[in-house]
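The values are calculated or read from the model by the stated rules, or taken from the named source; none is laboratory data. Every value quoted in this text rests on a predicted model; they were computed, and no experiment measured them. Neighbour counts are summed over all protein chains in view; Cβ atoms, including those assigned to glycine, are modelled from backbone coordinates with ideal geometry.
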């Protein structure tokens, strides 16, 4: 197993490139979380920059779809993020903000999906303001290391501040080249048979790539894929 220092070095070496997302996912997985989601808040709009799912049933797509469709405005940490000074990364745990959370927000984003712990990094840069959310579920929880969590937030901020706009949705960067190609084919409205012909593989192989991509992203269907990749 690679050391934490090795994963950090890989992230630093790939800042601003397509290689960052998979390297970053490997680092974050060592924190013992179930999924990570990175959202940026841009005025009255929110979008997903990264979604990586590790151990639980597909949840990210469902949560992102609801969050991006207006519920981000009810995030109890949103006022704090908007007031955070550039260059700052703050860490907040679920138990610190429960009293500020509406009953319905708690039900939708924690009780129904069965998430028992959340560590949020509030990251403010020169161009972006981001939530880096680390979710955990199940029994016997051990909270992720706060210093490594803050470092993860700072790495994510450094990376996303560097990258320029691309035709490829940022969340797809965690996928392999073939998995990404299949998802882009889905975005363009192509059937599995057409995607298979484009890639020169069997339809069954396209289905396998799609399943792997959906599992990594934490989505269960085309609608949820579109939700996390919406600009």
Filter result for residue 116 (surrounded by 12 or more Cβ atoms within 10 Å (Cβ to Cβ), part of a strand (DSSP E or B) and at pLDDT below 95): yes
Filter result (surrounded by fewer than 20 Cβ atoms within 10 Å (Cβ to Cβ) and either touching a residue at least 24 places away in the same chain (Cβ under 8 Å) or touching a strand residue (DSSP E or B) at 6+ places or on another chain (Cβ under 7 Å) (or both)) within the stretch 158-175: 158, 161, 162, 163
Which listed residue, of 73, 100, is within 19 Å of the chain's Cα centre (by Cα) and exposed (fewer than 14 other Cβ atoms within 10 Å of the Cβ): 73
Filter result for the condition that a residue is under 15 Å from the mean Cα position of the chain (by Cα) and over 23 Å from residue 231 (Cα atoms), over 136, 143: 136
Test: residue in the stretch 147-157 that is more than 24 Å from residue 214 (Cβ to Cβ), surrounded by fewer than 14 Cβ atoms within 10 Å (Cβ to Cβ), out of contact with any strand residue (DSSP E or B) (no Cβ under 8 Å at 6 or more places or on another chain) and at pLDDT 95 or above: yes
Lone qualifier among 191, 126 - being out of contact with any strand residue (DSSP E or B) (no Cβ under 9 Å at 6 or more places or on another chain), farther than 24 Å from residue 33 by Cα and assigned by TED's automatic domain parsing to the domain that holds residue 27: 126
One residue from 157, 148 being farther than 24 Å from residue 63 by Cα, assigned by TED's automatic domain parsing to the domain that holds residue 84 and in a helix (DSSP H, G or I): 148
Of all residues making up the stretch 43-60, the number that are in contact with a strand residue (DSSP E or B) (Cβ under 8 Å, 6 or more places away or on another chain) and outside any loop (DSSP other than H, G, I, E, B): 9
Candidate set: the stretch 187-218, residues that are buried (at least 19 other Cβ atoms within 10 Å of the Cβ) and within 22 Å of residue 230 (Cβ to Cβ); chosen: the one modelled with the lowest pLDDT: 218
